[in-house]
Amino acid sequence: MEPEQPSPDTEQESLHEDAHLPAPTLYPIGFAIGIVVVLVGLVINPILISSIGAAIAIVFGFLWARDATAELRGEPVVVEPERREPEQTTADQQGVALVNVAETPVTRSVFLEGTTLGLGAVIGGLITVPVAGFALLPGFLGQEQHKVDLGPISAFPVSTWFITTFVVDVAEGEVSRRTAFIRNNGPVANPQKPTEQVPSFTIISNRCVHLGCPTQANGPTGAILGKPTVHEHTANGPVELVPVVPAGYGCPCHGSQYDPEGNRIAGPAPHALDRYGFEIVKGRLILLSTYSVSHVVGTGAQAKIYKYGYTGPGEQIDGPEQWLYPIQPPHH
């Protein structure tokens, strides 16, 4: 019994379809990896990691689209060679002779692949861009800097520490009340004009850099020292100045300890306490934004402060570990 021979129509369709199958490609996998890196970067580091992911997605997306549209641009398409030996057939065995079919410039599979790629890119953009915008832009736009009036510099005697409480934003009220440890270091030479003297202040935030708990001064305060609490009325509301002699600062939550300049000396805190910038305007001490500090060498006006941009509690600010944390929006 002779084996069943395939019909002419079936073999002709198979040969025609095989002639237009493109070679396997890794471009879609690279494009998908790039999209994943972009999405992960939105959580970890939108500027650095998301940029790398976008670059990967763009490169592989371009190569994928270029490969899929090669026939449209008249470039030869690399096809897999025939893996089986052609059978010798005659018109008598097949019943009819094979008819040469003219190749079409665009096959259905190529058209569908290109359409799917374009539609997927449009849908991905419509979904990703608005979500990323609503999630990220508010933290970076419209951030007004707060300047806090703490009163005249005469309220801060030289070399005296004060536990100072104040309101950052009058509109928000008590919910924006903060505390800082402030010392007047006395006059120092102006870096811009060495012949002039300018006031110097050490202003340390009381927020623990481990998890944000309020640290406390390790030392006698107020009545124990026989010194009165000073109350100032400023444009930002009441300011309270409590004299203190700090041997350092301690966090009651998890035991982090700091020296009088804010350097970490024990506990889980990753670096020194944050500090506030300041300026003197018409003889009054004006508090500016906070910044983070890795460590401080020296004391008072002669201290060398290793400062960094503001970071959240628990974040490392120096060394390679700093790249593992998301970028902080402007903070005032």
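List of remarks:
- Each Cα pair under 8 Å and six or more residues apart adds its sequence gap; the mean of these over the residue count of the stretch 124-230 is a relative contact order of 16 percent.
- On the stretch 147-304, 57 percent of the accessible area sits on carbon and sulfur atoms, based on a 1.4 Å probe.
- Taking a ≥ b ≥ c as the square roots of the eigenvalues of the alpha-carbon gyration tensor, the stretch 177-332 is classed oblate because a/c is 1.5 or more while a/b is no larger than b/c.
- The 1.4 Å probe gives accessible areas that order 253, 213, largest first, as 253, 213.
- Solvent-accessible surface (1.4 angstrom probe) belonging to residue 172, in square angstrom, nearest 10: 110
- Summed side-chain charge close to residue 242 - residues other than residue 242 whose Cβ falls under 15 Å, Lys, Arg +1, Asp, Glu -1: +2
- Each pair of Cα atoms in the stretch 236-322 enters the Kirkwood radius, and Stokes-Einstein at 37 °C and 0.692 mPa s then converts it into a translational diffusion coefficient of 224 µm²/s.
- Each of 177, 275 has its accessible area taken with a 1.4 Å probe; listed largest first, they run 177, 275.
- Across 37, 131, 167, the residue with the most accessible area heads the list, and the full order at a 1.4 Å probe is 131, 37, 167.
- In a simple Cβ point-charge model (Lys, Arg +1; Asp, Glu -1; nothing else charged), the stretch 240-285 has a dipole of about 100 debye relative to its Cα centre.
- 11 Å beta-carbon shell around residue 291, net charge (K/R +1, D/E -1): +1
- Estimated translational D of the stretch 118-258 in µm²/s (Stokes, Kirkwood radius over Cα pairs; 10 °C; 1.306 mPa s): 86
- Counted charge near residue 118, where neighbours are those whose Cβ lies closer than 15 Å (Asp, Glu -1; Lys, Arg +1): -1
- Computed FRET value (nearest 0.05) for residue 198 with residue 235, which takes r as the C-beta separation and R₀ as 22 Å: 0.45
- A probe of 1.4 angstrom, applied to the heavy atoms of all protein chains, finds residue 207 with accessible area near 50 square angstrom.
- Cβ-Cβ distance of residue 324 and residue 109, R₀ of 51 Å, FRET efficiency by 1/(1 + (r/R0)^6): the value works out to about 0.70.
- Counting 0.36 nm for each residue step from residue 44 to residue 159 and taking away their Cα separation leaves a gain of 37.1 nm.
The values are calculated or read from the model by the stated rules, or taken from the named source; none is laboratory data. Everything numeric here is computed off the predicted structure, so don't read it as measured data. Note that we place each Cβ from the backbone using ideal geometry, even for glycine, and neighbour counts take in every protein chain shown. Surface areas here come from the heavy atoms of the whole protein model, side chains and all, with no ligands, DNA or RNA. Shrake-Rupley method; radii C 1.70, N 1.55, O 1.52, S 1.80 Å.
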